[in-house]
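Data first, discussion second: the structure below is written as structure tokens.
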Amino acid sequence: MELFRLIFVVSVFFLIFCLDVGLLKKYTEDDLLHYRNRVVQMFQHAYNGYLKYAYPLDELRPLTCDGQDTWGSYSLTLIDALDTLAVMGNYSEFQRVTELLETTLDFDRDINVSVFETNIRVVGGLLSGHLLSLKAGVQVEAGWPCSGPLLRLAEKVARKLLPAFNTSTGMPYGTVNLMYGVPKGETPVTCTAGVGTFIVEFGALSQLTGLPIYMDTAMKALRSLWMLKSPIGLVGNHIDVLTGKWTALDSGIGAGVDSYFEYLVKGAILFPYPELLEMFNGKILSQQMCSIAAVHKHFPLRAKFCSNFFSSATVKKSRLHM
């Protein structure tokens with residue numbers, strides 16, 4: 001154990017030593033402008049490559065300079081990049097892509113898609129584009145932001161994901177067919193992130209459309225997951241959404257789990273559900289240690305930054321800035 005600690009400490013100091021001394025550098029306005037422009041150039045290079053070699057397929061394969069469909073055959077990268085175009089000030093391209101998506105997207109198709117990926121990339125991408133439309137110079141409808149073509153597309157996609165949540169626990173299957181619902185023989189095992197990463201998009205959709213089904217669906221899945229935590233307050237990596245039994249017992253804040261914690265915090269910032277932050281901090285129902293509190297105890301080095309950064313004070317401050 002002492003040897004392990006010594007190796008760990010030496011590794012940490014070596015990593016710090018190898019880091020760019022620029023971490024301590026004071027950046028001028030010219031420096032910031034330079035790096036901002038570099039980021040824009042990098043994005044534009046990747047975006048142009050997708051348009052030239054891969055569109056209308058989902059993603060670019062950079063080594064072979066061609067494209068492939070990965071998550072659903074609906075020009076995923078174009079949807080994914082829409083809000084970034086607006087953030088970077090490329091309003092003319094944003095407007096062109098918005099019009100293109102409005103006329104070409106077709107979700108009435110016999111294809112199986114990832115519920116998780118379709119939500120965060122397609123529903124999230126369309127909602128972000130919708131909310132940035134006015135700033136990007138799009139002629140919005142009279143009822144905006146509670147109406148608009150991108151919002152209607154996002155709601156249509158989200159409605160096609162709802163059959164995945166028709167389980168005894170309210171936790172979703174990992175795959176759904178856009179026309180026929182959950183495929184026959186679909187495995188009921190999905191990852192924790194695949195259960196707990198819906199509240200931001202579904203909650204925003206309910207707020208904008210006035211339809212509570214999306215918020216209710218996301219909250220039911222989160223509450224079910226919360227009730228199935230271990231006696232020491234940890235969640236596993238994969239769970240059977242029909243039986244509620246954990247099939248992968250390893251716990252942490254990495255792949256398969258990470259966005260579950262992320263969305264608890266974001267949901268607490270966006271919506272009036274104090275229980276979301278209580279789930280994150282592990283204070284609900286007088287439990288001694290759950291969620292991040294438990295992660296902090298059992299994985300202290302990895303969780304220290306998270307628990308400090310996402311404190312209640314931080315969230316309250318974020319609400320003020322929003």
Considering region 115-140 alone, what residues qualify as being more than 19 Å from Arg96 (Cβ to Cβ) and of a type in the set (D, E, K, R)?
Glu117, Arg121
Failed item, numbered, when Arg5 is tested on (1) surrounded by 11 or more Cβ atoms within 10 Å (Cβ to Cβ); (2) modelled with pLDDT under 95; (3) of a type in the set (Lys, Arg):
(1)
Please state which of the following conditions Val265 fails to meet, knowing it meets all the rest: (1) closer than 30 Å to Gly148 by Cβ; (2) modelled with pLDDT of 95 or more.
(2)
Residue check: is Gly203 open to solvent by 30 Å² or more (accessible area, probe 1.4 Å), among the small types (Gly, Ala, Ser) and under 23 Å from Lys156 (Cβ atoms)?
no
Unique residue being within 24 Å of Ile269 (Cα to Cα) and touching a strand residue (DSSP E or B) at 6+ places or on another chain (Cβ under 9 Å) when the list is Met219, Met171:
Met171
Hand me the list of helices (runs of 4 or more DSSP H) wholly inside region 43-145 holding 3 or more residues that are without any contact (Cβ under 8 Å) to a residue 24 or more places away in the chain and among the charged types (D, E, K, R).
91-104
Could you list, in sequence order, the residues of region 157-174 that are closer than 23 Å to Asp106 by Cα and in contact with a Lys or Arg (Cβ under 8 Å, 6 or more places away or on another chain)?
Phe165
Restricting to region 48-78, what's the tally of residues that are among the aromatic types (Phe, Trp, Tyr), open to solvent by less than 60 Å² (accessible area, probe 1.4 Å) and out of contact with any helix residue (DSSP H, G or I) (no Cβ under 6 Å at 6 or more places or on another chain)?
1
Pull out all pairs, ordered by first then second residue, where Cβ-Cβ is under 7 Å, the residues are six or more apart or on different chains, the first lies in region 24-42 and is in a helix (DSSP H, G or I), and the second is surrounded by 10 or more Cβ atoms within 10 Å (Cβ to Cβ).
Val40/Met88
Exactly one of these conditions fails for Phe94: (1) open to solvent by 30 Å² or more (accessible area, probe 1.4 Å); (2) at pLDDT 95 or above. Give me its number.
(1)
Looking at region 256-273, I want the residues that are touching a residue at least 40 places away in the same chain (Cβ under 8 Å) and under 11 Å from Ala193 (Cα atoms) and have a partner that is outside any helix (DSSP H, G or I) and open to solvent by less than 10 Å² (accessible area, probe 1.4 Å) with Cβ atoms under 6 Å, at least 6 apart or on another chain. Which pairs are those?
Ser259/Thr197; Tyr263/Thr197
Being open to solvent by less than 60 Å² (accessible area, probe 1.4 Å), modelled with pLDDT of 95 or more and acidic (Asp, Glu), is that true of even one residue in region 19-34?
no
Going through Gly194, Gly185 one at a time, which residue ends up being at pLDDT 95 or above, in a helix (DSSP H, G or I) and small (Gly, Ala, Ser)?
Gly194
With the structure loaded, tell me whether Lys245 is open to solvent by 50 Å² or more (accessible area, probe 1.4 Å) and either more than 20 Å from Ile120 (Cα to Cα) or of a type in the set (Gly, Ala, Ser) (or both) or whether it fails that test.
yes
Across region 161-171, which residue is nearest to Thr98 (Cα to Cα) among those that are free of Cβ contacts under 8 Å to residues at least 60 places away in the same chain and surrounded by 23 or more Cβ atoms within 10 Å (Cβ to Cβ)?
Leu161
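The values are calculated or read from the model by the stated rules, or taken from the named source; none is laboratory data. Values in this document were obtained by computation on a predicted structure and should not be read as measured data. Reconstructed Cβ throughout: ideal geometry from the backbone, glycine too, with neighbour counts over all protein chains shown. All accessible areas refer to the heavy atoms of the entire protein, side chains included, with ligands and DNA or RNA removed. Shrake-Rupley method; radii C 1.70, N 1.55, O 1.52, S 1.80 Å.
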